[in-house]
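Reading through the structure tokens given below for one structure.
The values are calculated or read from the model by the stated rules, or taken from the named source; none is laboratory data. Only a predicted model underlies this, so the values are computations on that prediction, with no experimental measurement involved. Ideal geometry is used to build each Cβ from the backbone, glycine not excepted, and the neighbour counts take in all protein chains shown.
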Amino acid sequence: MLNIAPTSSEDLPSIVAMEAHEDNKQYIFPYAIERHQKVIDNHDEYHLKLEDQQDGLVGFAIMVESDMETDSLEFRRLVIQKKGHGYGRTAIKWVKRYCFEEKRYKKLWLDVLDTNTKAQQLYLSEGFKESFRTREFINGEWKNLIVMTIVKDQK
């Protein structure tokens, strides 16, 4: 069973190692440990660890509250180290429930690299729709991003 709880500072070395892993680093823009700590310390951002009773720390997620004008929650990051066990899908379901039922936001959004087709398929299967595509200059290079959203009535 997956347990989702706030990340602690003691978890950060493992979190940074997950981001640096070959299976993950091609799909995200890794944070330094100090940036992760800022997320933990910021009351508008949520850094959550994903733990399994048997497998221990298997991933993490980051969400960012928006201002009330947009009435949305950004699902900024999901990294799963132990893939193929349903942890990603379980985390997405938890985030949707948190967004729409607990926080009562009307929209949940994320962006995903166009090269991360596996994640795109997972998001689509969980009800996200492609909103638009954009090209952004990130870490010294141009990247194609797909912005995906799910709104409360669609979930």
Residue in the range 47-69 that is among the charged types (D, E, K, R) and under 20 Å from Ile138 (Cβ atoms) present: no
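Does Met63 count as at pLDDT below 90 and within 27 Å of Tyr105 (Cα to Cα)?
Working: at pLDDT below 90: no; within 27 Å of Tyr105 (Cα to Cα): yes.
Criteria not met by Met63.
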Tally of residues being charged (D, E, K, R) and either surrounded by 11 or more Cβ atoms within 10 Å (Cβ to Cβ) or part of a loop (DSSP other than H, G, I, E, B) (or both) across the range 137-151: 1
Criterion (closer than 22 Å to Asp23 by Cα and in contact (Cβ under 8 Å) with a residue 40 or more places away in the chain) met by exactly one of Leu113, Leu122: Leu113
Whichever residue in the range 120-153 is within 16 Å of Arg97 (Cα to Cα) and of a type outside the set (Phe, Trp, Tyr) and, among such residues, is farthest from the chain's Cα centre (by Cα): Asp153
Filter result (of a type in the set (Ser, Thr, Tyr) and surrounded by 14 or more Cβ atoms within 10 Å (Cβ to Cβ)) within the range 53-75: Ser66, Ser72
Failed item, numbered, when Cys99 is tested on (1) surrounded by 15 or more Cβ atoms within 10 Å (Cβ to Cβ); (2) more than 22 Å from Leu50 (Cα to Cα); (3) at pLDDT below 95: (2)
Some residue of the range 8-28 being within 12 Å of Ile62 (Cβ to Cβ) and at pLDDT below 95: yes
Positions within the range 5-39 being surrounded by fewer than 17 Cβ atoms within 10 Å (Cβ to Cβ) and closer than 23 Å to Lys103 by Cβ, in sequence order: Ala5, Pro6, Ser8, Lys38
Residues of the range 105-124 classified as surrounded by fewer than 16 Cβ atoms within 10 Å (Cβ to Cβ) and under 14 Å from Ala91 (Cβ atoms), total: 0
Neighbours by Cβ (under 9 Å, 6+ apart or cross-chain): first from the range 11-31, under 16 Å from Asp55 (Cβ atoms) and in contact (Cβ under 8 Å) with a residue 12 or more places away in the chain; second among the aromatic types (Phe, Trp, Tyr) and surrounded by 17 or more Cβ atoms within 10 Å (Cβ to Cβ): Asp11/Phe60; Ser14/Phe60; Ile15/Tyr31; Ile15/Phe60; Met18/Phe60
Enumeration of residues in the range 118-155 that are among the β-branched types (Val, Ile, Thr) and either over 17 Å from Gln26 (Cα atoms) or at pLDDT 95 or above (or both): Thr134, Ile146, Val147, Thr149, Ile150, Val151
